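Shown next, in structure tokens, is the structure this report addresses.
The values are calculated or read from the model by the stated rules, or taken from the named source; none is laboratory data. What you see is a predicted model; the values in this text were computed from it and never measured. Cβ: placed from backbone, ideal geometry, glycine included. Neighbour counts: every protein chain shown. Surface areas here come from the heavy atoms of the whole protein model, side chains and all, with no ligands, DNA or RNA. Shrake-Rupley method; radii C 1.70, N 1.55, O 1.52, S 1.80 Å.
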Amino acid sequence: ERFIVNGAFDPRDGEKALEYIHFLKETYDIKGVKMYTAEWNGASKGWKLTDPDAYKCFELCDKLGIRNIHVHKGPTIIPLSKDAFDVHDVDHAATDFQNLNWIVEHCGLPRLDDFCWIATQETNVYGGLAVALPFIHARPRYFGEVIAELLFWLGPEKILFGSDYAIWTPRWLVEKFWAYQIPEDIAAERGVQLTDEIKEKILGLNAARLYNIDVEAKKKALAGSPFSIAAE
């Protein structure tokens, strides 16, 4: 009752990819997937969300009720190609699959402007803060510019917390984000604020909505457990 499992697949695997999606849904009842368009596969050094094989996979996801498509569109490392994480294919896929939620992880960095214009146009495109959020420590003003741009273009309902948990633990990010305020000149220029209400949405309520989580029911279920807020 405390985990929601997402899966992953590579559309370049053809029919095996479709079979694997069926397996993931039947075995784990996955609610979403995470895609890496710059991954190598045989002679292929990347793919696009608009590839025909990818569309077959997304059609199946739609049919099976796998609604949340998380797409890595951010930094990369050698030997992967930065261009293979370009955000422009999100525009087409989001238009063609209106029933799916497209969560663009890392907000397209370093292509923030392109991402914001796409996410403004497409009502089913969201921004994930993984990789962007740690700048709150290393470059707090830069993070202020990023979050202010996202709030201006996307609004507070379409931004999701991401912890990069495999790299570091998330608690310090939550604490720093809760205490953070956008520098006054940046906030004034964009006409945005980072209120506690908005922080609550970003930290969990927006994701809860996409994953159909009843937050109040979960709070009651956890009451008195070692994992409840009150236990701290």
Flag for F23 being open to solvent by 40 Å² or more (accessible area, probe 1.4 Å), closer than 30 Å to A221 by Cβ and at pLDDT below 95:
no
Every residue from the stretch 181-229 that is within 22 Å of the chain's Cα centre (by Cα) and among the small types (G, A, S):
G204, A207, A208
Being surrounded by 17 or more Cβ atoms within 10 Å (Cβ to Cβ) and out of contact with any Leu (no Cβ under 7 Å at 6 or more places or on another chain) is the filter here, so list the residues in the stretch 152-179 that pass it.
W153, L154, P156, K158, D164
Residues (open to solvent by 10 Å² or more (accessible area, probe 1.4 Å) and over 23 Å from A166 (Cβ atoms)) located in the stretch 123-139:
T123
From the list D83, D113, exactly one residue is assigned to a helix (DSSP H, G or I), closer than 17 Å to L129 by Cα and open to solvent by 70 Å² or more (accessible area, probe 1.4 Å). Which is it?
D113
Please find, among A138, A119, A166, A130, the residue that is free of Cβ contacts under 8 Å to residues at least 60 places away in the same chain, closer than 28 Å to T76 by Cα and touching a Lys or Arg at 6+ places or on another chain (Cβ under 7 Å).
A119
Counting only residues that are of a type in the set (G, A, S) and over 17 Å from D89 (Cβ atoms), which one in the stretch 18-57 is nearest to the chain's Cα centre (by Cα)?
G32
So I136, is it touching an Asp or Glu at 6+ places or on another chain (Cβ under 9 Å), among the β-branched types (V, I, T) and farther than 30 Å from L64 by Cα
no
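Conditions (1) surrounded by fewer than 18 Cβ atoms within 10 Å (Cβ to Cβ); (2) among the hydrophobic types (A, V, I, L, M, F, W, C), marked per residue:
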position	(1), (2)
P11	no, no
E15	yes, no
T27	yes, no
K31	no, no
W40	yes, yes
K48	yes, no
D53	yes, no
K56	yes, no
K63	yes, no
Of (1) surrounded by 19 or more Cβ atoms within 10 Å (Cβ to Cβ); (2) of a type in the set (A, V, I, L, M, F, W, C); (3) part of a helix (DSSP H, G or I), V71 satisfies every one except (3)
Does Y142 satisfy the condition of being of a type outside the set (D, E, K, R), surrounded by fewer than 18 Cβ atoms within 10 Å (Cβ to Cβ), more than 25 Å from T50 (Cα to Cα) and touching a Phe, Trp or Tyr at 6+ places or on another chain (Cβ under 6 Å)?
yes
Among (1) modelled with pLDDT under 95; (2) in a loop (DSSP other than H, G, I, E, B), which single condition is L49 missing?
(1)
Count, please, the residues in the stretch 86-110 that happen to be closer than 23 Å to G155 by Cβ, modelled with pLDDT under 95, assigned to a loop (DSSP other than H, G, I, E, B) and not aliphatic (A, V, I, L, M).
1
